[in-house]
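To keep things clear, I will list the structure first and then write my remarks on it.
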Amino acid sequence: MSKIELKNIDKFYGSNHVLKGLNLVIEDGEFMTLLGPSGCGKTTTLRVVSGLESPQNGNIFLDGKEIVNAKELFYAPPSKRELNLVFQSYALWPHMTVYKNVAFGLQIKKIPSTEIKRRVENALERMQILQYQDRYPSELSGGQQQRVAIARAIVTVPKILLLDEPLSNLDAKLRIDMRSELKRLHQEMGTTVIYVTHDQIEALTMSTKVAIFFEGVLVQVASPMDVYKNPATLKVADFIGNPRINFVEAKAKLEGGALTVSSDLGIFRYEQKDFTGNEMPQNGEFNCVLGVRPEQLGLNEHAETSVEAVVYASQPAGSETLVQVQVKNTRLLVKQLGIVEWALDEKVTIGINPALINVFNKETGYLLKYAV
Ligand SMILES: Nc1ncnc2c1ncn2[C@@H]1O[C@H](COP(=O)(O)OP(=O)(O)O)[C@@H](O)[C@H]1O
Ligand SMILES: [Mg+2]
């Protein structure tokens with residue numbers, strides 16, 4: 001039920017320029033994930049939105065209403081913003097039981113007690129902590145406390161839910177369950193969510209949009225699949241995807257409006273319709289880097305084009321097999337589903353679909369050609 005707009009936000013801590021000209025629109029009902037490595041400014045962005053920090057430059061609008069105007073030193077107080085924030089370091093009330101912690105926000109709103117009970121139990125059940133409702137926070141593990149904090153935030157059905165790495169203390173299995181719960185909750189409540197994580201899997205699996213930051217600069221905002229298929233820069237490509245994307249050195253030349261790219265994988269030609277519009281050298285050869293996801297390569301399978309390779313090492317892991325192969329001077333990782341047996345130094349052909357390859361300008365790092 002709420003749209004947030006950040007315009008030209010700069011945030012400094014002393015001389016440390018933490019957010020650099022941040023422009024970001026979060027549409028009503030969006031699940032927007034702020035993704036990036038530790039220290040890139042994600043938490044600071046949430047704190048600026050919630051009003052716990054004041055940016056030195058820029059404006060913020062909530063449903064079209066200005067809540068921050070740095071030039072005029074106008075900063076609406078956090079209580080006027082109708083946001084609900086869950087921090088990585090959650091603070092539960094130690095003298096209240098789990099039930100009370102979650103119910104408190106509803107009790108002060110004077111909601112009937114049967115309705116409160118229903119909603120609290122539902123939130124606790126979703127977070128798989130209903131059995132702990134009579135315990136005190138000190139009697140819970142870190143992960144359980146974190147789930148109480150999430151339950152407390154969702155039970156009031158806020159206009160905007162801000163979540164800062166809320167699943168970071170949970171073990172792998174529980175994290176998968178909680179991702180499903182948060183995703184379902186978002187769809188059921190229709191709440192706008194701003195979610196912070198450094199975990200690209202979390203970002204890809206839950207979000208409607210992902211905003212990727214490096215060192216306080218917003219590099220790309222797109223749907224999870226767009227970010228995965230067409231990362232805006234080499235850095236984004238490297239950050240997204242597990243196992244990591246393959247990078248292959250290549251030479252490129254623009255000729256007659258088409259791009260000819262040669263590398264150890266072969267010579268590929270790309271037409272203008274697939275260009276991103278990022279600037280590329282018009283004359284002569286220039287260096288580029290190809291991005292190829294491990295699951296896009298086939299081994300001894302029919303494909304549009306193929307190259308000869310030898311198996312360097314194979315890593316069967318049950319549900320998938322990762323195979324490292326050597327093609328001339330290039331080492332590539334290939335991901336296959338299921339258990340596949342490969343011998344060391346076995347000769348194979350690698351199947352390639354050139355259309356799926358990303359082409360980046362090596363010098364600037366920008367994507368030049370989309371995967372289609
Ligand atoms: N209260 C603060 N005082 C000074 N520097 C801070 C403060 N909070 C964060 N920083 C600095 O701002 C940068 C971004 O921090 P943060 O937004 O917490 O990153 P992230 O959440 O992406 O890991 C870091 O360099 C961090 O050291
Ligand atoms: Mg943080």
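The values are calculated or read from the model by the stated rules, or taken from the named source; none is laboratory data. Quantities reported herein were computed from a predicted structural model and do not represent experimental measurements. In this analysis, Cβ positions are derived from the backbone assuming ideal geometry, glycine residues included, and neighbour counts consider all displayed protein chains. Heavy atoms of the whole protein, side chains included, go into the accessibility calculation; ligands, DNA and RNA do not. Shrake-Rupley method; radii C 1.70, N 1.55, O 1.52, S 1.80 Å.
Observations
- Among the criteria (1) open to solvent by less than 40 Å² (accessible area, probe 1.4 Å); (2) within 16 Å of ligand 2 (Cβ to nearest atom); (3) closer than 22 Å to Lys159 by Cβ, the one Lys11 does not fulfil is (3).
- Screening the stretch 197-226 for residues that are out of contact with any helix residue (DSSP H, G or I) (no Cβ under 7 Å at 6 or more places or on another chain), among the hydrophobic types (A, V, I, L, M, F, W, C) and at pLDDT 95 or above and picking the one that is farthest from ligand 2 (Cβ to nearest atom) gives Met225.
Yes/no matrix, rows are residues, columns are (1) of a type in the set (Asp, Glu); (2) touching a residue at least 60 places away in the same chain (Cβ under 8 Å); (3) surrounded by 20 or more Cβ atoms within 10 Å (Cβ to Cβ):
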{"site": "Ala313", "(1), (2), (3)": "no, no, no"}
{"site": "Ser319", "(1), (2), (3)": "no, no, no"}
{"site": "Leu337", "(1), (2), (3)": "no, no, no"}
{"site": "Trp342", "(1), (2), (3)": "no, no, yes"}
{"site": "Thr349", "(1), (2), (3)": "no, no, no"}
{"site": "Ile352", "(1), (2), (3)": "no, yes, yes"}
{"site": "Ile357", "(1), (2), (3)": "no, yes, yes"}
{"site": "Asn361", "(1), (2), (3)": "no, yes, yes"}
{"site": "Thr364", "(1), (2), (3)": "no, yes, no"}
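- The one condition from (1) open to solvent by 10 Å² or more (accessible area, probe 1.4 Å); (2) more than 15 Å from ligand 2 (Cβ to nearest atom) that Thr43 does not meet is (2).
- Among residues that are in contact with a Gly (Cβ under 7 Å, 6 or more places away or on another chain) and either within 16 Å of ligand 1 (Cβ to nearest atom) or more than 18 Å from Glu30 (Cβ to Cβ) (or both), Phe213 is included.
- Taken over the stretch 161-201, the residue count meeting the criterion of being open to solvent by 10 Å² or more (accessible area, probe 1.4 Å), within 16 Å of ligand 1 (Cβ to nearest atom) and either assigned to a helix (DSSP H, G or I) or among the hydroxyl-bearing types (Ser, Thr, Tyr) (or both) is 2.
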